[in-house]
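Contents: one structure, followed by commentary.
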Amino acid sequence: MTAAELGQLNLEEPPSPRPTRTVDCFQKLQQIGEGTYGQVYMAKEVKTGQIVALKKIRTENEKEGFPITAIREIKILSKLQHENVIKLKEVVTSQENSNYNGSVYLVLEYMDHDLTGLSDRPGLRFTVPQIKCYMKQLLSGLHYCHANEVLHRDIKGANLLVDNNGSLKLADFG
């Protein structure tokens, strides 16, 4: 590229966005949660078979369109990349008709449990080493968030997700 051609480039123009996939790329397996934000589903990506969590953003009660909490969560999770923070893989849509009355879904990495659900199981008791392991991961994730100027604002067992290998991740930054 010549210097003249380089001078004509508009460096302030954002790169063209990646095409948005639809929720049809995923098969919903079961609903695993629900809250004021909407529903969360365990789903399988049709092409790869990878298990993910689909968080449907509830928009029907919003006077201003897309919920500010969802915008905040997308912005935060796009910025944060840490082993103890849930990973946002992509955002997908469903288009129910040509006027776009569809839904928006966050595609998140799948975790097997939340800490509240685990601790409510009869007969399940955490050992001291397990508690230390979870605390270390929680504090590591929080330290990373704070170092990146992000406050979680809703630390509770339901927002601490764990997998069957003992990994803990912070979730629900809305």
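The values are calculated or read from the model by the stated rules, or taken from the named source; none is laboratory data. Note that this is a predicted model, so its numbers are computed, not measured. Quick reminder, even Gly has a Cβ in these numbers, built from the backbone with ideal geometry, and neighbours come from all protein chains shown.
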Search segment 37-57 for residues being among the small types (Gly, Ala, Ser) and at pLDDT 90 or above, and hand back the single one that is nearest to the chain's Cα centre (by Cα). ALA53
Criterion first (surrounded by 12 or more Cβ atoms within 10 Å (Cβ to Cβ) and either touching a residue at least 40 places away in the same chain (Cβ under 8 Å) or not in a loop (DSSP other than H, G, I, E, B) (or both)) does MET135 satisfy it? no
Unique residue being over 17 Å from GLY38 (Cβ atoms) and out of contact with any strand residue (DSSP E or B) (no Cβ under 9 Å at 6 or more places or on another chain) when the list is GLN81, GLN50, GLN137: GLN81
Looking for something crowded, with 16+ Cβ neighbours inside 10 Å, within 12 Å of the chain's Cα centre (by Cα), at pLDDT below 95 and under 22 Å from LEU138 (Cβ atoms) - is there at least one such residue anywhere in segment 58-71? no
Is at least one residue of segment 105-116 among the polar types (S, T, N, Q) and surrounded by 13 or more Cβ atoms within 10 Å (Cβ to Cβ)? no
Among the residues of segment 28-36, is there at least one that is assigned to a strand (DSSP E or B), surrounded by fewer than 11 Cβ atoms within 10 Å (Cβ to Cβ), modelled with pLDDT of 90 or more and of a type outside the set (Val, Ile, Thr)? yes
Give segment 114-128 a look and list any residue that's touching a residue at least 40 places away in the same chain (Cβ under 8 Å) and in contact with a Leu (Cβ under 7 Å, 6 or more places away or on another chain), or say none. ASP114, LEU115, LEU118
